[in-house]
Amino acid sequence: MEYISTRNIQKIFSFKDVFLKGLAPDGGLFVPKKISLYTSQEIEKLRGLSYKELAAKIILNFCSEEFNEIEIKNLVDNSYKNFRVEDVVALKKLGKINLLELFHGPTLAFKDIAMQVIGHMYEKILQKNNLKINVVVATSGDTGAAAISAIRDRKNMKIFVLHPDNKISEVQRKFMTTVNSDNVFNIALASNFDECQKFVKSMFADKDFSKSINMSGVNSINWSRIVVQIVYYFFSYFKVVNEDEKINFSVPTGNFGDIYAGYVAKKMGLPINKLIIATNSNDILKRVVNTGIYKPLKVEHTVSPSMDIQVASNFERLIYDVCKLERTLKLMNDLSLKGEFKLKEEELEKIKESFCSESLSEVETKLTISEVYKNQKVLVDPHTAVGIGAAKKISLKEKTVSLATAHPGKFPLAVREATGIYPELPDSLKNILDEEEIYDKLPNNLSKVKEYIMKKQQLL
């Protein structure tokens, strides 16, 4: 498969380029030049496959020039060995809503599903090409932990994780900072997630710097994350509905990566009716879907911190798909110079064909946690609650799957406040709260961060 940038359709990239670079050299995001459309018959042939079998088939479509069928099968099998359920994910019925649990991996978040595969991909590609890299990633909580878990102790790579100091849960932080590996470096930045993400993008854009450290990234802007996440849309579709029946997905959304994977699944032919963009009070995506105006505001801190984002980086991929190259360049330029952009009416209508959106306040989020426990005796974390609440508000007629993105034990205080129940971590992870933390605090200063990374990457 050939890849291009959302800001340049002339230059062609391989999967290896896309995987290792993360961000395109022109500041755009990588997308396939063309996505193959499955027929309904081809989709139905996938029904009945195990999760791992399905993953191997779908992932191979996007990287067949880099991996053969046997390599991908082995890679997938090895990636999911340490998951707590055989099918990688699990489905629960919550009244009219089907809850897709994506948190059965090593760090109790949906990001493990893609990140574990990426860790093995890195190892294979670096070994094949005799390369060494430094992975730099920003996290609003879960991405960093999942990336560290996937990359720790692997040869030929180091990982630097920026998280906003004192703005993620204790459990989220400790999943990162208690990892004592020589190739792992945690940075607590005196800022918010958007600034962390901005710093990472700036480092990628600084060609001298990024080249000097052979920089790579695994944030949701990395196309490989999108590819691996497509799988659970197909898998849950087969589990919930019959042939040719349409389905909706409600997705707790911050950076627009996970829900964009659902959009790609729809472009591949999966009969998705609507993708519900579920947001907390940081509702930039709801506002743009309702008004056509994309305008970041001040970040509000909530009980669902992984969604405390006002710059949804992956939205550029959707903009490119809907608006094409020239308009994408203009809109991204408007965003850079004016701090906002406005979609044309016909562009907005095209987005609304696939997406709708709702937001939940703090009160509504906690009430949803409480109601789910009261009615179904199921504990859900605040992010998952936002997805459930948004699906209930919109109440579409088709069957709906709501994505459960994190284990409730990662946000125990919010869950206890809503239900009176303190959710416990799985037995194998309970000791993490007592383990020693290793991380460095840095000011909100890009030069200081670059200086730190430059120094540390030379140590190994």
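The values are calculated or read from the model by the stated rules, or taken from the named source; none is laboratory data. In this text the structure is predicted, and so the values were computed from the model without any measurement. For neighbour counting, all protein chains shown are included, and Cβ atoms are generated from backbone atoms with ideal geometry for every residue, glycine included.
Quick notes
- For the range 187-210, the criterion of being over 15 Å from residue 118 (Cβ atoms), assigned to a strand (DSSP E or B) and in contact with a Gly (Cβ under 8 Å, 6 or more places away or on another chain) is satisfied by no residue at all.
- Test: residue in the range 421-429 that is among the acidic types (Asp, Glu) and at pLDDT 95 or above: no
- Residue 231 of a type in the set (Val, Ile, Thr), closer than 20 Å to residue 57 by Cα, within 13 Å of the chain's Cα centre (by Cα) and crowded, with 23+ Cβ neighbours inside 10 Å: no
- Taken over the range 39-53, the criterion of being within 22 Å of residue 2 (Cα to Cα) and buried (at least 17 other Cβ atoms within 10 Å of the Cβ) is satisfied by no residue.
- Top-ranked residue of the range 134-165 - restricted to ones that are touching a helix residue (DSSP H, G or I) at 6+ places or on another chain (Cβ under 9 Å) and at positive phi, ranked as modelled with the highest pLDDT: 156
- Long-range neighbours under 9 Å by Cβ, at least six apart or interchain, first residue closer than 12 Å to residue 71 by Cβ within the range 115-136, second surrounded by fewer than 24 Cβ atoms within 10 Å (Cβ to Cβ) and among the acidic types (Asp, Glu): 121/66; 124/66; 124/71; 125/66; 128/66
- Selection status of residue 193, buried (at least 22 other Cβ atoms within 10 Å of the Cβ), farther than 27 Å from residue 28 by Cβ and of a type in the set (Phe, Trp, Tyr): no
- Among the residues of the range 286-300, the one identified as within 19 Å of residue 368 (Cβ to Cβ) and in contact (Cβ under 8 Å) with a residue 24 or more places away in the chain is 286.
- First in the range 168-189 and closer than 17 Å to residue 306 by Cα and modelled with pLDDT of 95 or more, second anywhere and outside any loop (DSSP other than H, G, I, E, B) and of a type in the set (Lys, Arg), Cβ under 7 Å, 6 or more apart: 188/441
- Tally, over the range 205-242, of residues that are modelled with pLDDT of 90 or more, within 17 Å of residue 159 (Cα to Cα) and not small (Gly, Ala, Ser): 7
- The residues of the range 220-230 that are touching a helix residue (DSSP H, G or I) at 6+ places or on another chain (Cβ under 6 Å) and either closer than 10 Å to residue 135 by Cβ or of a type in the set (Ser, Thr, Tyr) (or both), listed by number, are 220, 224.
Results for (1) under 30 Å from residue 202 (Cα atoms); (2) without any contact (Cβ under 8 Å) to a residue 40 or more places away in the chain, shown as yes or no for each residue.
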residue: 14; (1), (2): yes, no
residue: 30; (1), (2): yes, no
residue: 36; (1), (2): no, no
residue: 41; (1), (2): no, yes
residue: 44; (1), (2): no, no
residue: 56; (1), (2): no, yes
residue: 72; (1), (2): no, yes
residue: 84; (1), (2): no, no
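- Scope the range 430-441; condition over 24 Å from residue 304 (Cα atoms) and either at pLDDT below 90 or surrounded by 13 or more Cβ atoms within 10 Å (Cβ to Cβ) (or both); matching residues: 438
- Residue in the range 352-409 that is surrounded by the most Cβ atoms within 10 Å (Cβ to Cβ), counting only those that are basic (Lys, Arg) and under 30 Å from residue 427 (Cβ atoms): 366
- Screening the range 1-38 for residues that are small (Gly, Ala, Ser) and either at pLDDT 95 or above or buried (at least 16 other Cβ atoms within 10 Å of the Cβ) (or both) and picking the one that is nearest to residue 118 (Cα to Cα) gives 22.
- Residue in the range 238-253 that is outside any strand (DSSP E or B), without any contact (Cβ under 8 Å) to a residue 60 or more places away in the chain and surrounded by fewer than 23 Cβ atoms within 10 Å (Cβ to Cβ) present: yes
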